[in-house]
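The numbers here are math on the coordinates, done by the rules we state, and not lab data. Only a predicted model underlies this, so the values are computations on that prediction, with no experimental measurement involved. Because the Cβ atoms are built from the backbone with ideal geometry, glycine has one as well, and the counts that use them run over all protein chains shown.
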Amino acid sequence: MFKLFKRFTGKEKLLFIVCCLLVVFQVDVELKMPDYMSEITRLIETEGSTMSDILRNGGYMLLCALLSVISMIIVGYLSSLLSASFSKNIRKSIFSNVTKFSMEEINKFKTSSLITRTTNDITQIETIISMGLQMAVKAPVMAIWAITKIINKSIAWSMLTLGCVVILLSIVISLMLAVVPKFKIVQKLVDKVNGVTRENLTGIRVIRAFNAEKFESNRFEDVNSELTNTTLFIDKKFAIFDPAINIAMHTLILGVYIIGAILIENAGMSDKLTLFSNMIVFQSYGIQVIMSFLFLTMIFMMYPRSQVSAMRINEVLDEVPNIKDGSHFGDTLEFGTIEFKNVSFKYPDADECILENISFSVKEGETVAFIGSTGSGKSTLINLIPRFYDVTEGEILIDGVNIKEYPLEDLYNKIGYVPQKAVMFTGSVKDNVIYGTKNGKKASNLDMKKALKVAQADFVEKMEDKEKSHIARGGTNISGGQKQRLAIARAVARKPEIYIFDDSFSALDYKTDLVLRKELKKYTGKATNLIVAQRIGTIMHADKIIVLEAGKCVGMGTHKELMKNCEVYKEIALSQLSKEELENA
């Protein structure tokens with residue numbers, strides 16, 4: 001928790017100090033009221049006292065109460081301002097750090113957990129700052145201050161107060177030992193609920209198509225029930241606090257009066273008034289001590305869960321991304337060239353390599369295609385180029401420079417990436433096509449129109465608002481083929497050196513596929529094209545085709561060469577096209 005609070009900005013530190021000083025001032029004026037009450041009691045019982053003296057002390061009490069209320073309002077406002085500012089900055093820091101994560105770190109934390117850490121966990125921290133700050137400062141200050149004022153009043157009263165405090169502390173400590181371990185479980189279960197809910201919402205079509213609503217409902221019920229039962233266990237334990245505080249408070253008041261009655265009865269006439277006055281003061285201060293422990297109890301209820309949340313937030317903030325910027329700046333001697341040198345790769349925690357000893361080179365302007373059976377490593381190989389993962393062995397060169405030496409922004413500026421699953425963002429067609437920047441600049445409207453034309457996205461012209469037409473989150477209001485064409489247009493508008501198409505033509509019909517590739521070849525000019533595909537028709541005219549099988553390169557060459565000397569390629573080709581079609585291609 002304190003490690004997280006070290007991230008306070010200068011303004012937030014100042015707000016924190018001001019809040020603490022105001023809380024101390026509030027305690028000071030509140031603890032002066034019993035003294036004025038004692039003085040009023042003495043004046044009432046003393047002959048010769050005037051009403052003006054009583055009213056003056058009463059006025060002082062009202063002034064203290066007013067100052068306490070004003071201080072409380074200001075502290076409430078400033079602590080809310082502090083908590084909101086701090087949570088905003090922490091949320092921004094988490095988001096900023098997560099955007100730098102490679103897929104390895106994303107998979108380590110899991111998406112559902114990162115969402116919980118950015119929302120629920122930060123809310124826990126915000127709550128303890130806004131509500132707990134006042135109590136965390138006020139409780140110990142008030143307890144210590146009140147005890148110093150009553151410690152010399154009476155040994156019997158002091159021992160009674162001490163006994164009540166010890167009993168309360170015993171209850172608090174025993175309950176903390178029981179519930180603190182459960183808070184870690186609660187936050188993990190919140191992650192699970194978030195994860196299951198996210199899966200259900202994402203896969204709602206499949207769930208309905210397979211009549212799996214009951215199964216998914218039961219799966220959610222299991223996780224939800226576990227979270228509910230754990231939360232109930234904690235709440236039941238904490239439910240002991242209120243009655244314990246009330247019993248201690250009323251026991252203390254009753255005990256003060258009983259002990260006071262005995263002491264007053266046995267005292268001389270001259271001491272009775274002093275003892276009665278001390279009893280009134282002691283009762284007030286004793287209640288303040290108990291109230292201090294009530295505040296501490298509330299802190300004890302909030303702190304453990306906030307501490308767990310702070311640890312989870314720190315885990316994200318302290319995570320150092322494996323993919324780091326290189327130090328190579330300036331122009332390169334080559335343009336659009338790629339070279340794989342003995343590249344091997346295995347996923348984190350995997351036992352075996354998914355790619356083994358892959359070597360090939362791509363010249364400027366070449367079109368290189370990758371084909372192979374499902375799970376052969378095609379997409380994995382392509383994803384190594386933009387450094388979604390780093391190679392396990394070997395190296396990848398772009399324009400003669402190892403990709404690890406490029407600053408990530410410079411590396412991404414060279415690449416136009418079209419993923420296997422077309423991703424659309426909420427906004428207009430235009431927003432999605434000119435998405436992102438290259439060298440700090442967005443694509444122009446002219447680039448957008450050319451890109452849409454190249455990508456055969458003629459459907460945009462038929463939409464009501466054309467380029468300004470709305471695209472829903474995930475592209476749910478357009479078809480799969482339309483999404484793919486917009487994703488291709490997004491890469492084209494970027495005008496990169498290297499185009500990466502990760503099975504990006506699968507949702508297109510053969511005619512659109514053919515026309516699109518012809519237009520793409522004319523428009524991209526000297527740019528290098530890397531294509532992952534399952535269709536032979538999509539790649540058979542590529543300058544070079546690389547055949548993968550079980551993570552190994554089993555063939556490399558043109559379509560005609562591979563038909564002669566690569567059985568794996570020949571087998572794939574014949575499964576899709578007839579022998580005559582392949583020969584006439």
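Rounded to the nearest 20 debye, the dipole magnitude of the chain is 1100 debye, with +1 charges on Lys and Arg beta carbons, -1 on Asp and Glu beta carbons, and the Cα centre as origin. DSSP bridge analysis restricted to segment 405-535 gives an antiparallel fraction near 25%, rounded to the nearest 5. Packing here is the average count of other Cβ atoms within 10 Å per residue, and on that basis the peptides 191-200, 258-267, highest first, run 191-200, 258-267. With contributions of -39500 (n - 2.57) from each DSSP H run of at least four residues, the per-residue ellipticity at 222 nm computed over the chain stands at -21500 deg cm²/dmol.
Suppose a student asked you for the relative contact order of the chain, using Cα pairs under 8 Å spaced at least 6 residues apart; what percent would you report? After rounding, I find 14 percent.
The gain in end-to-end length when the A156 to L67 segment is fully stretched comes to 28.7 nm, 0.36 nm per residue minus the alpha carbon separation. When Rg and Dmax of the Cα atoms in Å is calculated for this entry, the matching label among (i) 35.4, 120; (ii) 27.4, 98; (iii) 36.1, 126 is (iii). Working note: Karplus 6.51/-1.76/1.60 with θ = phi - 60° gives segment 529-545 the couplings 10, 10, 10, 9, 8, 9, 7, 5, x, 6, 10, 5, 9, 5, 5, 8, 10 Hz, where Gly and Pro are set to x.
For L355, the residues 5 or more places off, or on other chains, whose built amide H falls under 5 Å of its own are F345. With θ taken as phi - 60° and the Karplus curve 6.51 cos²θ - 1.76 cosθ + 1.60 applied, the whole-hertz 3J(HN,Hα) list for segment 95-108 is 4, 4, 6, 5, 5, 8, 5, 7, 4, 4, 5, 4, 5, 5 Hz, x standing for glycine and proline. Remark on I385: its backbone amide H falls under 5 Å from none of the residues 5 or more positions apart or on other chains, H modelled at 1.01 Å from N.
Phi-derived couplings, Karplus 6.51 cos²θ - 1.76 cosθ + 1.60 at θ = phi - 60°, listed residue by residue for segment 155-161: 5, 4, 5, 4, 5, 4, 4 Hz, with x used for Gly and Pro. Peptides 131-137, 216-222, 498-504 ordered by packing proxy, namely the average of other Cβ atoms within 10 Å per residue, highest first: 498-504, 131-137, 216-222.
Comparing L508, Q420, Y347 along the charge dipole axis of the chain, the residue lying farthest to the positive side is L508, per the Cβ-charge model. Rounded, prolate or oblate, given the Cα gyration tensor of segment 1-160, with a/c below 1.5 counting as rounded? Prolate shape, in that a/c is at least 1.5 and a/b is the bigger ratio.
Equivalent-ellipsoid semi-axes for segment 9-318 (Cα gyration tensor, √(5λ), whole Å, largest first): 52, 23, 15. Projecting the Cα positions of M298, L82, M311 onto the charge dipole of segment 9-318 (unit charges on Cβ atoms of Lys, Arg, Asp and Glu, taken about the Cα centre) puts M311 furthest along the positive direction.
Computing FRET efficiency as 1/(1 + (r/R0)^6) for L21 and T123, where r is the C-beta to C-beta distance and R0 is 25 Å, gives about 0.40. Computed over neighbours whose Cβ is under 9 Å from that of S112, the net charge equals +1, Lys and Arg +1, Asp and Glu -1. Per-residue packing, averaged as other Cβ atoms within 10 Å, sorts the ranges 298-306, 282-290 into the order 282-290, 298-306, beginning with the highest. Each Lys and Arg adds +1 at its Cβ and each Asp and Glu adds -1 at its Cβ; summed about the Cα centre, segment 9-318 shows a dipole of about 1160 debye.
A straight Cα-to-Cα reach below 20 Å connects K483 with the lysines K421, K430, K449, K450, K453, K462, K466, K468, K495, K511, K518, residues fewer than 8 places away in its own chain not being considered. Placing R0 at 35 angstrom, the Cβ-Cβ distance between T558 and K453 gives a FRET efficiency of 0.75 after rounding to 0.05.
Which shape class, rounded, prolate or oblate, goes with segment 306-396 when its Cα gyration tensor gives a ≥ b ≥ c as root eigenvalues, a/c under 1.5 marks rounded, and past that a/b bigger than b/c marks prolate? It is oblate, given that a/c is not under 1.5 and a/b is not larger than b/c. Taking 0.36 nm per residue of separation and subtracting the current Cα-Cα distance, fully stretching the chain between S49 and K466 would add 141.1 nm. Each label was represented as a point 7 Å from its Cα along the Cα-to-Cβ direction; for Y347 and L201 these points are 2.5 nm apart. For the pair I115 and N229 in one chain, pulling the backbone fully straight at 0.36 nm per residue adds 38.8 nm over the alpha carbon distance. Basic side chains Lys and Arg get +1 at the Cβ, acidic Asp and Glu get -1 at the Cβ, and with that the dipole of segment 408-478 about its Cα centre reaches some 100 debye. For segment 156-191, list residues with backbone N below 17 Å from a point placed 7 Å from the Cα of I262 toward its Cβ? It comes to 156-164, nothing else. So if I take the alpha carbon set of segment 417-561, get Rg, then get Rh from the Kirkwood formula, what is the Rg over Rh ratio? With Rg and the Kirkwood Rh in hand, the quotient comes to 0.99. Scanning residues 5 or more positions from G555 or on other chains, those with amide H under 5 Å from its amide H are V547, with H placed 1.01 Å from N in the peptide plane.
DSSP assigns beta bridges within the chain; of those with both partners inside it, close to 55 percent run antiparallel. Can you tally the net charge around P419? Count Lys and Arg as +1, Asp and Glu as -1, for every other residue whose Cβ sits under 12 Å from the Cβ of P419. Summing Lys and Arg as +1 and Asp and Glu as -1 gives +1.
Simple rule: put +1 on each Lys or Arg Cβ and -1 on each Asp or Glu Cβ in the chain, find the dipole, and look at V98, Q534, I245; the Cα lying farthest toward the positive end is Q534.
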